[in-house]
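Here's the structure we're looking at; comments come further down.
The values are calculated or read from the model by the stated rules, or taken from the named source; none is laboratory data. The structure displayed is predicted, hence computed values, not measured ones. Reconstructed Cβ throughout: ideal geometry from the backbone, glycine too, with neighbour counts over all protein chains shown.
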Amino acid sequence: MRASRQCFERGGDIEVEELRRLGSAKALHRFACSGDVTLMFHGCRSAANEAKILQEGFKVRCCSSGGANYGTWFAYNARYSNSGFTFMDADGFTHMFICVVSYHYTVMDNSEMRVVGQDCAYPQWLIKYKVPQNRFAANVRRKVYAGSNRVWHVVRDGKWVRETVGT
């Protein structure tokens, strides 16, 4: 199957090997959906991490980015996850989750990504794809423009408090 690569990388096509709908009743039962949800992307840097998510769903206690128990990170655009947060299997296919993410406990939210607390995301699909080697950009650096704001949520007195920090 050929698909547009615009959300993975600018221009051209990607080769989709598999788009599999996942069905973990355990993870779905725990999913804390309180209102609006968004489809977002999540890459794993190893097959072992992918296997754990497939088996148990997202576990904040297993996340290391942002510090212990900080939250699980999701990208609004697949291009971000594809820029170095995925792994390639022995057959040359890159793996990425497409997830349903709620706003129930949002730790951080900005124009590129959202970090959520436990049980606020559900892995809905797993996509396996190839990007032509001559166009793959494994280490894309992002610019943060002056005046852009980042939204953080911190716990104060047992409650989530929203903070906007200019960068």
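Some points to look at:
- Within the range 101-121, the set of residues being in a strand (DSSP E or B) and either among the small types (Gly, Ala, Ser) or under 20 Å from Arg79 (Cα atoms) (or both) comprises Val101, Ser102, Met108, Asp109, Met113, Arg114, Val115, Val116, Ala121.
- Counting only helices (runs of 4 or more DSSP H) that sit completely within the range 13-100, those holding 3 or more residues that are surrounded by fewer than 18 Cβ atoms within 10 Å (Cβ to Cβ) and either touching a Gly at 6+ places or on another chain (Cβ under 7 Å) or at pLDDT below 90 (or both) correspond to 25-30, 47-56.
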